[in-house]
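Presented below is the structure to which this report refers.
The values are calculated or read from the model by the stated rules, or taken from the named source; none is laboratory data. On a predicted model such as this, the values are computed, not experimentally measured, just so you know. Counting neighbours? That spans all protein chains shown, and the Cβs are built from the backbone with ideal geometry, glycine included.
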Amino acid sequence: MFHAVLTSETDWAGWRAATRSLVLGGVEPNAVRWTVGGTPHLLPEATGSFGVSRTLVSLASVAVQAREPERFGLLYSLVWRAHAGETLPDDDPDLRLARRWALAVRTDAHRMRTHLRFMPVGPHLLGWYAPAHYVLEANAQLLAQRFPARPWSVVTPDSSAHWDGTALRIGAGVPRIEDDETLAAWWDAHGDAILCDSTPGVTVPPAEELDEAPRPPDRPAIGPIVLPVASASALAAARTDAASCERCDLCDAATQTVFGEGPADAAVLFVGEQPGDQEDTIGRPFVGPAGQLLDRALEESGIDRRGIYITNAVKHFKFTLRGKRRIHVSPSPEEIAACGVWLDSERAIVRPKLLVLMGGSAARAVLGRPVAVTRERGQAIRLPDGQMAFVTVHPSYLLRVPEGEAQVREYRAFVRDLTAVRELVGMV
Ligand code: URA
C-alpha cells in the first residue's frame with residue numbers, strides 16, 4: 001500500500017505530483033491511501049510521461065476543491081483509467097460523481113462571490129465566510145483581480161486569504177465568527193500573527209478580461225458592506241452555471257433549466273414554484289396559462305412585468321406521464337432545498353427590496369419552513385438579510401378554483417395582493 005500525503009485540502013500541486021508518480025509507477029488506485037497532513041512517504045520514482053485529456057485535468061482541478069474525503073482517490077482512479085486507454089462513458093458513475101462535485105464547487109464559488117461581505121477595519125477590508133467547499137483560494141485570485149486597490153483579507157474556518165495590493169498570501173483558518181464585532185476583535189488580536197505566518201498564494205494575472213470592472217466599496221463606515229458586483233454579468237454567469245445543474249434528479253427528465261428573467265436591478269422579485277410544461281419547452285418562466293393569468297393580474301394592479309424579476313423556487317419541471325401528457329407534480333422539500341442555491345444567487349445579485357412568494361413552495365424556499373399560505377398571505381415579513389417578503393397565492397391555484405363567483409373572488413383578492421405589493425415597494 002502506498003501512502004500519498006498532501007499538505008492541505010487544496011494541495012492541487014501535491015495531488016498532481018503524487019498522481020504522476022503513482023501512475024508512472026504502475027500503482028493501482030486500490031493500492032493508494034490519500035491523506036492530508038502527516039509524514040510524507042516515498043512514492044515510486046517518476047520516470048517517463050503520460051497524457052490524459054485536458055477536460056479530465058480541468059474537471060479534476062475543480063472537483064478537487066469539493067469537501068469530499070474520497071475525492072483524491074476517486075480522481076486518481078479516473079486518471080488511472082484514462083491513462084490505461086479506457087474511454088470513460090458519460091454515464092460512468094465515478095465520472096458523474098466527479099462532475100457533480102465540480103458543479104457543487106462552481107456553485108459554491110459563485111455563491112461566495114455574491115454573498116461575501118466586507119467591513120472596513122482601518123484601511124483594511126475584512127470579510128468572513130464559511131464556504132461549503134474548499135473554494136477560498138481559487139476565489140481569492142478572482143477577488144484580487146476585481147478589487148486590486150485596497151488591502152483585504154477573507155477569513156474562513158478552513159483558511160484565510162490576504163491581499164496587500166500586490167501579492168496574495170494564504171494563511172490559517174479562524175474559528176466560526178457570529179458577528180462583525182467579534183470578527184473585528186478577533187482580527188485585532190490575531191490578524192498580525194496570521195499575516196506573519198501566511199505563505200504566498202498563486203500569482204494573480206493582470207485583470208484584463210474581467211467581466212466585472214473593479215470598483216471600490218461604496219458604503220463607508222460601520223457595518224458590513226457588500227462589494228458591488230456587475231449584476232447583469234453575474235446573473236448571466238449564474239444562469240450558465242445553472243444550465244448544467246444536477247443537484248437533484250429533476251434534471252434527468254426535464255428539457256432544460258428554466259432560470260429567472262428580468263432586470264438585474266429590479267426592486268421586486270417574484271418567486272413561483274417550478275416551470276410548467278410550456279416553460280420547460282420554451283425555457284422561460286411564467287409563459288404558460290399560469291403566466292398569462294399572472295400577466296393579466298400584474299397589469300390590473302399597475303405593475304409592469306418588464307420591471308420585475310420573475311423566477312421559480314425550483315428550476316426544473318417535475319412531472320409524471322399520463323399517456324403523452326406531462327402532469328405537474330409538486331417538488332419535494334429536498335428538491336426545493338437542493339435548488340435553493342440558484343434562488344439565493346438571484347436574490348444576492350438582484351438584491352430586490354421585496355420578494356413576492358407565490359404559493360407554498362416559493363414560501364418554503366425563502367422562509368425555510370412549511371407555510372400555510374392562506375394564514376400568512378398579505379403580510380410583509382422581514383427576512384434576516386433585510387429584504388422583505390410577501391406571501392400570496394400561486395396563479396395556478398386560481399386556475400384550479402371552479403369557474404364562477406369563487407374564481408372571480410379569488411382573482412380579485414390576488415389583484416388586491418399585487419396592488420399592495422406595488423404600494424409596499426414605494427414604502428420599503
Ligand atoms: N408555475 C410556476 O410556478 N412557474 C412557472 O414558471 C410556471 C408555472
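Miscellaneous remarks
- Criterion violated by Y397 - all others in (1) away from the ligand (no atom under 16 Å from the Cβ); (2) surrounded by 15 or more Cβ atoms within 10 Å (Cβ to Cβ) satisfied: (1)
- Tabulated pairs, region 43-54, first farther than 16 Å from L75 by Cβ, second in a loop (DSSP other than H, G, I, E, B) and modelled with pLDDT of 80 or more, C-beta under 6 angstrom, 6+ apart or interchain: P44/G25
- The set of residues in region 12-48 being among the charged types (D, E, K, R) and at pLDDT 90 or above consists of R16, R20, E28, R33.
- Scanning region 1-16 for residues that are in a helix (DSSP H, G or I) and farther than 14 Å from F50 by Cβ returns W12, A13, G14, W15.
- Test: residue in region 306-326 that is at pLDDT below 95 and closer than 23 Å to M388 by Cβ: yes
- Here C196 meets each of (1) under 17 Å from A140 (Cα atoms); (2) modelled with pLDDT of 75 or more with one exception, condition (1).
- Odd one out for S332, checked against (1) among the hydroxyl-bearing types (S, T, Y); (2) surrounded by 19 or more Cβ atoms within 10 Å (Cβ to Cβ); (3) out of contact with any helix residue (DSSP H, G or I) (no Cβ under 6 Å at 6 or more places or on another chain): (2)
- Close pairs (7 angstrom Cβ cut-off, 6 or more residues apart or separate chains): over 22 Å from W186 (Cα atoms) in region 114-141, assigned to a strand (DSSP E or B) anywhere: Q141/L168
Listed here are the residues, each with its yes/no results for (1) within 26 Å of the chain's Cα centre (by Cα); (2) closer than 29 Å to V415 by Cβ; (3) touching a residue at least 24 places away in the same chain (Cβ under 8 Å).
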residue: Q292; (1), (2), (3): no, yes, no
residue: D295; (1), (2), (3): no, yes, no
residue: T311; (1), (2), (3): yes, yes, yes
residue: H316; (1), (2), (3): yes, no, yes
residue: L321; (1), (2), (3): no, no, no
residue: P331; (1), (2), (3): yes, yes, yes
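- Any chance R351 is in the same structural domain as L294 (by TED's automatic domain parsing), out of contact with any Leu (no Cβ under 6 Å at 6 or more places or on another chain) and either at pLDDT 95 or above or surrounded by fewer than 17 Cβ atoms within 10 Å (Cβ to Cβ) (or both): no
- Residue in region 33-47 that is on the phi > 0 side of the Ramachandran plot, assigned to a loop (DSSP other than H, G, I, E, B) and touching a Ser or Thr at 6+ places or on another chain (Cβ under 9 Å) present: yes
- Helices (runs of 4 or more DSSP H) completely within region 238-331 that count 1 or more residues being farther than 30 Å from V425 by Cβ and more than 9 Å from the ligand (Cβ to nearest atom): 250-253, 277-282
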